[in-house]
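The values are calculated or read from the model by the stated rules, or taken from the named source; none is laboratory data. Keep in mind it's a predicted model, so treat the numbers as computed, not measured. Every residue, glycine as well, gets a Cβ built from its backbone with ideal geometry; the counts of neighbours run over all protein chains shown.
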């Protein structure tokens with residue numbers, strides 16, 4: 001449990017530290033405030049009142065063009081670089097720089113360099129029977145190092161051109177050199193679980209140029225479009241602002257393999273469906289094209305986007321995938337707001353509702369908040385792209401193979417929560433939440449041509465009950481809390497075929513210097529498979545998924561520290577103690593306990 005929680009915390013920290021195009025803060029010299037505000041506002045007025053009949057005039061209020069803004073900024077930047085300084089953003093680590101009179105006609109460069117280290121190591125004993133020599137723990141040390149560079153070049157040489165580069169490199173420790181008495185197979189590499197394929201990675205996340213016009217923006221290069229389901233492609237994008245509230249989008253280019261995290265796998269050889277007689281897959285080219293369009297909108301109470309996207313392998317080995325997407329946020333008033341994100345596949349190998357997240361936040365008063373949400377996630381990967389990494393099925397053996405075919409399994413969740421603030425200044429926070437998770441049944445068919453074996457996996461459903469109590473200002477200003485969750489099945493089969501109990505206690509406090517914060521926690525988790533205590537019946541798949549029960553005790557903490565305005569660090573360490581009992585035929589067996597060590601470190605430098 002500590003490993004998963006650390007992943008979550010590191011992900012949240014990554015969003016805060018290296019979020020999309022919000023890199024550095026300009027040196028806050030109070031002497032520059034007048035230059036950056038007055039000169040900029042004067043320049044805006046001159047540009048919008050230059051007598052050009054085709055250029056809409058700047059207005060105040062109604063149409064959203066206040067301060068001369070004629071269109072939305074969809075580049076992902078916080079705000080235009082010539083915005084006024086905001087005292088609330090003054091000390092944010094990653095925030096766009098503010099232009100001054102000196103930088104308006106030059107290139108404003110801002111960026112960050114982030115280094116990350118991750119380590120996980122287990123130790124244990126030998127699984128019975130004695131002398132078998134099989135350890136209960138993984139013998140591989142999981143260690144990787146990341147280095148990520150993000151740089152923005154704003155109004156290059158005072159022109160209308162901007163540029164951005166976001167590149168990340170990862171080095172993974174070779175298990176063959178870190179594990180005693182281990183020799184990798186001569187036909188395959190030994191890799192630890194990390195990234196896309198567990199190999200070293202050179203990930204070019206973004207590399208684009210943009211020319212900003214009066215109403216139109218042109219993007220060239222590798223980019224994401226958050227407004228159209230976050231699609232990643234290499235090509236051209238055009239934005240046209242029909243007004244300050246409404247912007248039309250269009251794009252086209254090549255579509256890298258979904259999930260690829262390295263230039264070496266972005267355009268790997270694709271593979272078609274297996275031949276029913278031989279089980280072999282034929283090459284399906286390397287390139288996939290994508291194109292689409294839509295619109296983004298923004299008003300006082302709402303913002304969002306909608307559109308359609310087509311993705312088609314150039315070899316024609318698979319029908320094109322065409323989907324519609326919509327995302328948005330609406331504030332109905334000071335007490336209620338709604339949000340949604342959806343993807344509906346209209347054409348391809350998997351039609352229907354592929355992705356849905358919708359919810360509401362309700363705050364009837366200052367002490368009470370309620371939330372409700374529904375989520376659905378289905379497989380949205382092209383077959384030819386996924387099958388580039390799957391093994392060929394053995395058609396001569398009437399068995400279901402895990403890596404033979406692409407199985408599409410939708411996961412669903414309905415969740416509601418209620419939080420209340422009690423005591424003076426809402427010192428205490430109490431939260432309760434209830435969630436229902438479920439998936440439909442899945443049918444697996446062996447690839448044999450004669451009398452193929454078909455196995456139906458029944459639908460699974462579980463309910464999660466969660467509760468927490470937090471004291472925001474406890475002993476010496478510390479934040480103390482406890483929380484717990486219970487996941488149990490509804491019906492015959494549990495979601496993920498496992499019931500879970502978790503309990504956690506935590507404490508956090510700001511450092512006296514005000515430069516950081518520490519947090520510590522202890523956590524206990526207990527799991528039990530649906531088939532725990534049941535003997536696996538040969539040939540009966542549904543009785544052999546899992547027959548174990550286990551527990552994990554985790555202790556650890558994190559430290560967040562701001563060295564100065566330009567340097568930030570995160571460090572974390574956890575110890576976990578894991579036990580597991582499982583059934584081997586008719587015998588219940590307890591494996592030797594496993595002691596795991598997790599270490600995480602990250603340093604970021606902005607410029």
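Among the residues of the stretch 100-123, those that are over 13 Å from residue 162 (Cα atoms), at pLDDT 90 or above and in contact with a helix residue (DSSP H, G or I) (Cβ under 7 Å, 6 or more places away or on another chain) comprise 112, 114, 120. If you scan the stretch 124-140, which residues turn out to be modelled with pLDDT of 75 or more, surrounded by 15 or more Cβ atoms within 10 Å (Cβ to Cβ) and in a loop (DSSP other than H, G, I, E, B)? Of everything in the stretch 124-140, those that are modelled with pLDDT of 75 or more, surrounded by 15 or more Cβ atoms within 10 Å (Cβ to Cβ) and in a loop (DSSP other than H, G, I, E, B) turn out to be 124, 127, 136, 137, 138, 139, 140. Screening 346, 336 for residues that are loosely packed, with under 15 Cβ neighbours inside 10 Å, modelled with pLDDT of 95 or more and farther than 25 Å from residue 248 by Cβ leaves exactly one candidate, 336. If only residues of the stretch 159-183 that are modelled with pLDDT of 90 or more and more than 26 Å from the chain's Cα centre (by Cα) are counted, the one that is surrounded by the fewest Cβ atoms within 10 Å (Cβ to Cβ) is 159.
Of all residues in the stretch 449-464, none that is at positive phi and surrounded by fewer than 17 Cβ atoms within 10 Å (Cβ to Cβ) has its Cβ atom under 9 Å from the Cβ atom of a residue that is modelled with pLDDT of 90 or more and outside any strand (DSSP E or B), 6 or more apart or on another chain. Condition check for residue 424 on (1) touching a residue at least 12 places away in the same chain (Cβ under 8 Å); (2) farther than 30 Å from residue 282 by Cα: one failure, at (1).
Residues that are modelled with pLDDT of 85 or more and closer than 27 Å to residue 482 by Cα: which strands (runs of 3 or more DSSP E) entirely in the stretch 350-463 hold 2 or more of them?
352-365, 368-377, 411-422, 428-439
When residue 518 is tested against (1) closer than 30 Å to residue 110 by Cα; (2) buried (at least 19 other Cβ atoms within 10 Å of the Cβ), only condition (2) is not met.
Taken over the stretch 250-280, residues that are closer than 15 Å to residue 297 by Cα and touching a helix residue (DSSP H, G or I) at 6+ places or on another chain (Cβ under 6 Å) amount to 0. The set of residues from the stretch 189-205 being buried (at least 19 other Cβ atoms within 10 Å of the Cβ) and within 18 Å of residue 164 (Cβ to Cβ) comprises just one member, 203. Please verify whether residue 247 is surrounded by fewer than 15 Cβ atoms within 10 Å (Cβ to Cβ), farther than 17 Å from residue 382 by Cβ and in contact (Cβ under 8 Å) with a residue 40 or more places away in the chain, treating the condition exactly as stated. So residue 247 does not fit the description; no.
How many residues does the stretch 213-244 contain that are more than 19 Å from residue 289 (Cβ to Cβ) and crowded, with 18+ Cβ neighbours inside 10 Å? Even if it seems obvious, please write down each step before you answer.
First, the residues of the stretch 213-244 that are more than 19 Å from residue 289 (Cβ to Cβ): 213-218, 226-227, 239-244.
Next, only the ones that are crowded, with 18+ Cβ neighbours inside 10 Å stay: 217, 227, 239, 241, 244.
Total meeting the criteria: 5.
Within the stretch 329-346, the presence of a residue that is over 19 Å from residue 227 (Cβ atoms), in contact (Cβ under 8 Å) with a residue 12 or more places away in the chain and in contact with a helix residue (DSSP H, G or I) (Cβ under 8 Å, 6 or more places away or on another chain) is excluded. Taking the stretch 269-317, which residues are surrounded by fewer than 16 Cβ atoms within 10 Å (Cβ to Cβ) and assigned to a loop (DSSP other than H, G, I, E, B)? Matches in the stretch 269-317: 269, 275, 276, 277, 278, 280, 287, 299, 300, 301, 314, 316.
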